[in-house]
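Only the coordinates and a few stated rules stand behind these numbers; no lab work does. Since we're looking at a predicted model, the values are computed, not measured. Positions of Cβ are generated from backbone atoms using ideal geometry, with glycine treated the same way; all protein chains shown enter the neighbour counts.
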Amino acid sequence: MSVFRRWFDPIRSRWFYQKPSRQEVLPTDKGLSIYLRLDDVYSYLAVQQLPQLHEILSEELKPLKVMISSQAAEPPNNMTAQEWQQYCLNDAKILARQHRFGYDEQPELPTAEAIQQAEVILRNTPLREEQFLYLLEDVFHMLWQQQYGKLRTLYAMASQQHQPQNFPERRFIETPVAASYFEFADRKYHAVDDLLRLTRRLKQQKLLTDNPIFLINHIEWREHIMSDAEELAEIHAMHPELDLYIALEDPISWLLLAYIKEELANYYNIQLRVYPLSYHGRDFFDWSLATRLSKRADVAFTPFCRPTQEAVLNIARLFYSIEDDEQRVDVMYDILKAVWSKGQDLSFAPHVHALQQSLQIEKLTEVDVSELLQQNDQQCYAKHQPDFPVLELRIAGQSYVFNSLYRVWMIESIFSHVLEQQYKQQTTNDSSKM
């Protein structure tokens with residue numbers, strides 16, 4: 001990095017965070033599309049929202065375009081197909097419980113025969129717009145609840161009474177789809193995780209005719225679902241522990257660490273531990289999205305001076321020069337804050353030395369930090385998660401593993417669930433004594 005940039009980036013970083021991050025108006029000429037797969041469990045959750053969404057779309061975006069793919073994309077993060085499949089089923093169960101989707105507690109993938117029958121039904125039906133979306137939801141219920149008798153009956157009617165239709169708002173494609181998503185103005189929105197973000201965008205552009213009411217149990221940034229002093233005291237007494245595995249060149253890792261440390265750790269008495277990972281080349285990001293997320297989470301962020309492979313090793317060396325786990329968390333927070341909000345280049349020795357002094361680290365460790373990072377990698381991979389950061393929460397003798405900025409709400413949801421289960425158990429015990 002040039003001397004000019006090392007001088008200018010800290011100034012540019014402060015300016016970047018203050019400037020507007022949202023493009024005021026996105027084009028509507030391509031309409032709104034949703035991409036689905038019949039064997040994708042996230043698609044099953046998504047279709048349960050489509051009739052309600054279509055009802056409040058402005059005429060400018062109608063009809064909602066439905067793209068049904070027959071091809072699955074490669075599993076993320078070097079997961080096997082079986083690991084990815086099991087993760088999706090478990091994750092969908094959590095989403096369904098939190099947001100009250102219809103979902104079988106013991107889900108099974110639909111059979112190949114059932115998927116083929118479902119596709120014929122959807123290809124041949126003359127129903128359009130709202131009526132088609134209701135049929136689509138019903139067909140997904142039949143697939144994922146193993147209502148194969150109903151499906152066969154509907155298939156027989158569709159194959160005998162109708163021919164394949166050719167409607168522009170309904171297409172069957174072979175584009176690989178990993179998980180269901182919406183597409184608006186060439187931007188992709190996860191069908192469940194980004195639904196609120198999408199509807200906020202549509203509402204801002206006056207493309208909705210009514211207020212969107214989706215995901216009613218969504219936990220907003222810096223809003224706690226637990227405020228009762230007695231409940232908080234009970235959580236504190238359980239001494240929850242949270243392990244956080246972060247890729248240091250990943251801006252989401254900074255947003256997540258800062259948010260948890262600033263907002264959740266002290267509030268819930270969480271013992272937080274940080275495990276930095278080796279350089280993973282996490283260099284492809286929607287920077288405008290990361291900036292908007294930082295503003296929603298109220299965490300300062302700029303995309304300048306993100307760590308290189310050399311910088312990752314320097315950060316790890318500073319981090320592991322501290323012995324105490326609690327102090328290490330504070331040190332990592334200060335380091336990443338210097339990188340992601342002040343434009344510090346930690347591949348540049350003078351910046352590293354200045355940070356070392358400000359952190360009051362007298363001597364850097366002589367341990368091989370690359371080996372420590374690889375050990376963290378192995379622990380992280382063993383948790384079979386599709387994205388970073390990876391989190392493991394331990395409380396009341398149970399361990400919960402999840403990942404990414406999209407699942408931070410699970411921390412508070414788990415606390416609430418643990419207390420609810422304890423209250424039920426206590427009620428049961430009191431009843432048995434009577």
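Just want the answer: with Cβ charges of +1 for Lys and Arg and -1 for Asp and Glu, which residue in T175, Y148, L372 is farthest toward the dipole's positive end in the chain?
T175
Beyond 20 Å, what share of the Cα-Cα pairs of the stretch 229-414 is found? Please give it as a whole percent.
So the pairs more than 20 Å apart make up 53 percent of the total in the stretch 229-414.
Which value, in debye to the nearest 20, describes the size of the charge dipole of the stretch 353-434 about its Cα centre when Lys and Arg Cβ atoms bear +1, Asp and Glu Cβ atoms bear -1, and nothing else is charged?
Dipole magnitude for the stretch 353-434 comes out near 440 debye.
When the helix-only estimate is applied to the chain (DSSP H runs of n ≥ 4, each -39,500 (n - 2.57), divided by the residue count), what is the mean residue ellipticity at 222 nm, nearest 500 deg cm²/dmol?
That calculation yields -15000 deg cm²/dmol at 222 nm.
Any idea what the dipole of the stretch 229-414 comes to, in debye rounded to 20, about its Cα centre with Lys/Arg Cβ at +1 and Asp/Glu Cβ at -1?
In debye, rounded to 20, the stretch 229-414 gives about 540.
Given N residues in the stretch 32-204, what is Rg(Cα) / (2.2 N^0.38 Å)?
My calculation over the Cα atoms of the stretch 32-204 gives 1.00.
Using only the alpha carbons of the chain, determine the length spanned along each of the three principal axes and report them from longest to shortest in whole angstroms.
81, 70, 40
I'd like the Kirkwood hydrodynamic radius of the stretch 110-232, using the inverse of the mean 1/r over distinct C-alpha pairs, in Å.
17.7 Å
Report the one residue of T111, P27, Q160 whose Cα lies farthest in the direction of the positive end of the charge dipole of the chain (charges on C-beta: Lys and Arg +1, Asp and Glu -1; origin at the Cα centre).
Of T111, P27, Q160, it is P27.
Which translational diffusion coefficient, to the nearest whole µm²/s, is obtained for the stretch 351-434 from the Stokes-Einstein equation, given a Kirkwood hydrodynamic radius over C-alpha pairs, 25 °C and 0.890 mPa s?
Answer from the Stokes-Einstein relation: 144 µm²/s.
Of S347, L256, P51, whose Cα points farthest to the positive end of the dipole of the chain (charges on the beta-carbon: +1 Lys, Arg; -1 Asp, Glu; origin at the Cα centre)?
Farthest along the dipole direction, towards plus: P51.
About the Cα centre of the chain, what is the dipole size in debye to 20, counting +1 per Lys and Arg Cβ and -1 per Asp and Glu Cβ, all else neutral?
In debye, rounded to 20, the chain gives about 1320.
Roughly how tilted is helix 81-99, in degrees to the nearest 10 and between 0 and 90, from the longest Cα axis of the chain?
Roughly 80 degrees between the two axes.
With a cap of 12 neighbouring Cβ atoms within 10 Å, and only residues DSSP puts in a loop, list the GluC sites (Glu not before Pro) found in the stretch 282-373.
E323, E362, E366
For a quick check of your reading of the filter: which GluC sites (Glu not before Pro) in the stretch 162-251 sit in a DSSP loop and have no more than 13 other Cβ atoms within 10 Å?
Counting only loop positions with at most 13 other Cβ atoms within 10 Å, the GluC sites (Glu not before Pro) in the stretch 162-251 are E174, E220, E223.
For I246, which sequence-distant residues (separation of 5 or more, or a different chain) have an amide H within less than 5 Å of its own amide H, given hydrogens modelled in the peptide plane?
Y275, L277
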